[in-house]
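First comes the structure, then the notes that go with it.
The values are calculated or read from the model by the stated rules, or taken from the named source; none is laboratory data. As the structure is a computational prediction, the values presented were derived from the model and not from experiment. Cβ atoms come from the backbone with ideal geometry, glycine included; neighbour counts cover every protein chain shown.
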C-alpha cells in the first residue's frame with residue numbers, strides 16, 4: 001500500500017468486510033452512489049481508523065473513496081476494473097507526469113481488489129475545499145440536457161471554462177491538454193464533463209488533479225472521446241481523421257492551437273505520445289490484470305499510438 005496515500009501512516013490493505021456479502025444481506029451502505037463506466041460502478045465513502053480502512057457511517061465525512069468491481073454482470077471483465085483504474089492512474093502519474101489523485105488497491109475479505117483514492121478536496125483539518133466540475137461551470141445539468149448532459153459539448157468548451165475560472169490558465173491549459181491526449185491514447189472514452197474539475201487552493205482556483213482515469217476500452221465499446229462534440233467543432237479534421245474516423249497527431253496539434261497553447265509547448269507534449277514509455281510497459285506487466293487483459297490493454301495502447309502517429 002502506498003504510504004503517501006495515508007500520509008505516511010501504516011494502514012492495512014485488507015478490509016474486514018466484503019461488498020458482495022453486504023449486498024446479499026441487504027446491508028448495502030447508504031454511501032453508495034453512481035459513477036460512469038456505463039453507469040454501473042459503485043463508490044463508497046471511507047475513513048481510516050486505527051490502521052484500518054472502514055466505510056463511513058451515515059452522516060460521517062469521508063476522506064477516501066472505495067470503488068469495488070461492479071456487481072452488475074453486464075460489464076465485461078468487471079472484476080478487473082479496480083486494477084485497470086489503478087494501473088491507468090499510475091501510468092498517467094509515473095510515465096507522463098500528470099498530477100493525479102493519490103490512489104492504491106486494497107482487498108476485501110473475500111480477496112477481491114478494491115480501488116481506493118484519497119479525496120483531494122478534504123483538507124487536513126477536515127474542512128472541504130471549494131470544488132466545481134466542468135458540467136457545473138459550463139451550466140450543464142440533467143434538467144436542461146437530459147441524462148447524458150455530462151457527455152454534451154466538446155473539449156474546447158472545457159478549455160474555455162478553465163480560461164474563465166483559473167487565473168493561471170495558461171499553465172493549467174497545458175495540463176488539461178496533456179490529459180486529453182493521454183485519455184485518447186489509453187482508451188478512456190469516459191472523460192466527460194464531470195471528470196474535470198476546478199478546485200480552490202488557498203486564494204487561487206486551479207485545475208484539480210486527474211481522477212477516474214481508466215482504459216474503458218477494456219470493458220466497453222465506445223467512441224474515441226467521451227464528449228459528443230469531440231475535440232472541437234472549430235478545427236478542420238485531418239485527412240486521416242476524415243478517412244478513418246480516428247484522430248491523429250495533426251488533429252491534436254490543431255486542437256492545442258485552437259485553445260491557445262504555444263506551438264513549441266504543443267510539440268513538447270505530443271512528442272511524449274509517439275511511443276510507449278518503458279515505465280508504462282513495466283507498469284502494465286506488473287499490474288494485477290490477468291495476462292490476457294495485459295495483452296489487450298497493451299494492444300489498445302499500441303493501436304492508438306499508431307493512429308496518433310499517422311499525421
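Looking only at the range 157-190, which residues are touching a strand residue (DSSP E or B) at 6+ places or on another chain (Cβ under 9 Å), at pLDDT 95 or above and either in the same structural domain as residue 99 (by TED's automatic domain parsing) or not in a helix (DSSP H, G or I) (or both)?
166
Which condition number in (1) in the same structural domain as residue 234 (by TED's automatic domain parsing); (2) assigned to a helix (DSSP H, G or I) is the one that residue 139 fails?
Looking at each condition in turn, residue 139 falls short on (2).
Test each condition in (1) assigned to a helix (DSSP H, G or I); (2) in contact with a strand residue (DSSP E or B) (Cβ under 8 Å, 6 or more places away or on another chain) for residue 206 and report the one that comes out false.
It is condition (1) that residue 206 fails.
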